[in-house]
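Worksheet: one structure, shown below.
The values are calculated or read from the model by the stated rules, or taken from the named source; none is laboratory data. A quick note: this is a predicted structure, and the numbers were derived from the prediction, not measured. Cβ atoms come from the backbone with ideal geometry, glycine included; neighbour counts cover every protein chain shown. Surface areas here come from the heavy atoms of the whole protein model, side chains and all, with no ligands, DNA or RNA. Shrake-Rupley method; radii C 1.70, N 1.55, O 1.52, S 1.80 Å.
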Amino acid sequence: MPQKKALSGRFADSDQMENAVIPDLLSHGQYETVYNFLSLVIASQLFTAVFLLISLPRILPRYRQAITVAIIVCGIAAYHYFRIFDSFKSAFVTTSVGGTGDYTQAVGQGFNEGYRYVDWLLTVPLLLVELVAVLALARSVQSRLLARLVPAAALMIALGYPGEISGDNGIRGLFGLLSTIPFIYILYVLFVQLGKSLDKQPAGVRKTLSRLRFLLLLSWGVYPIAYLLPLLNISGSDAWVYKQVGYSVADILAKAVYALIIFHVARIKSFDDDTAFAAVELSAEEVRAAK
């Protein structure tokens, strides 16, 4: 009986570890799904950064700080996804002709999930800097908001990492809960404290800025869903593939799409601040409509 219990405990530990590490086997379809989504994120982040860099002269200087931060965020994400992409290709190999068979975990190789957390540790606080910067508030107000948002964002990511790499669902759930505390605080600042500043914004961007907070909430909401997949009894290669897809979609929404909306807000505010600039940038029909 003790031997049976020991074996049973060993298999239970093995099942738990399966939730934390990469699967031993991916089907051709699963491999292609992850491969293509990682490639999509690289293209999205890289060319969003290129577009914003080229478009900097199309907004007033006071709003360029926000767009510069957006460029940095997309650049950091593109770099880390290149690393994730290389790590993924090294971690799985196949001997089938044309690569159409199953992919197995390569000997001596592993998939480095840490790249994502290094990326998030840098980019998530900067996403909040983007939002505050594009509002062009008084320096004292900006400083107070950033002093609350940036440390909370870094703490949220730091608390999530121990659970991500753990094979114990209890530890995963605990750190998932702990990381939710600064997340809720960030939402409080965005929807209550920052909400008070939206009334001072031009009418043309109030709704957009309000919706931008919901985009952050929506895109950030994908992360905990992917994080908690092992706790939902979805394990093995399916859970791992779903997690990679979920994280990839969330990163596109939270960085590339978010950056383009920030740029749109900066454009509208530039036109509202300077009619001469608007006359140069807008078409004659748009200028007449604005009047």
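Name every residue in segment 87-104 that is hydroxyl-bearing (Ser, Thr, Tyr) and either within 22 Å of ILE42 (Cα to Cα) or open to solvent by 70 Å² or more (accessible area, probe 1.4 Å) (or both), in order of residue number. Across segment 87-104, the qualifying residues are SER87, SER90, THR95, THR100. Within the option set THR68, THR33, THR48, being modelled with pLDDT of 95 or more, under 21 Å from VAL249 (Cα atoms), in a helix (DSSP H, G or I) and open to solvent by 20 Å² or more (accessible area, probe 1.4 Å) holds for one residue only, THR33.
For every residue, the table says whether it meets (1) modelled with pLDDT of 80 or more; (2) surrounded by 15 or more Cβ atoms within 10 Å (Cβ to Cβ).
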{"position": "THR180", "(1), (2)": "yes, no"}
{"position": "PHE183", "(1), (2)": "yes, yes"}
{"position": "LEU194", "(1), (2)": "no, yes"}
{"position": "ALA203", "(1), (2)": "no, no"}
{"position": "ALA226", "(1), (2)": "no, yes"}
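When segment 88-104 is filtered for residues that are at pLDDT 90 or above and more than 19 Å from the chain's Cα centre (by Cα), the ones remaining, listed by number, are LYS89, SER90, ALA91, PHE92, VAL93, THR94, ASP102, TYR103, THR104. Across segment 249-277, what is the number of residues that are open to solvent by 30 Å² or more (accessible area, probe 1.4 Å) and polar (S, T, N, Q)? So the answer is 1. Being open to solvent by 30 Å² or more (accessible area, probe 1.4 Å), hydrophobic (A, V, I, L, M, F, W, C) and closer than 30 Å to LEU52 by Cβ is a description that applies to ALA158. Looking only at residues in segment 107-159 that are among the polar types (S, T, N, Q) and at pLDDT 85 or above, the one that is farthest from the chain's Cα centre (by Cα) is SER143.
Taken over segment 228-276, the residue count meeting the criterion of being aliphatic (A, V, I, L, M), in a helix (DSSP H, G or I) and modelled with pLDDT under 80 is 3.
Report, by residue number, each residue of segment 105-145 that is without any contact (Cβ under 8 Å) to a residue 60 or more places away in the chain, buried (at least 16 other Cβ atoms within 10 Å of the Cβ) and not in a helix (DSSP H, G or I). Once the filter is applied, which keeps residues that are without any contact (Cβ under 8 Å) to a residue 60 or more places away in the chain, buried (at least 16 other Cβ atoms within 10 Å of the Cβ) and not in a helix (DSSP H, G or I), segment 105-145 yields ASN112, GLU113.
Looking at segment 56-65, which of its residues are under 23 Å from the mean Cα position of the chain (by Cα) and open to solvent by 60 Å² or more (accessible area, probe 1.4 Å)? Matches in segment 56-65: ARG64, GLN65. Within segment 188-201, identify whether any single residue is in contact with a Phe, Trp or Tyr (Cβ under 9 Å, 6 or more places away or on another chain) and in contact (Cβ under 8 Å) with a residue 24 or more places away in the chain, and answer yes or no. Checked against the condition, which is being in contact with a Phe, Trp or Tyr (Cβ under 9 Å, 6 or more places away or on another chain) and in contact (Cβ under 8 Å) with a residue 24 or more places away in the chain, segment 188-201 yields no hits at all.
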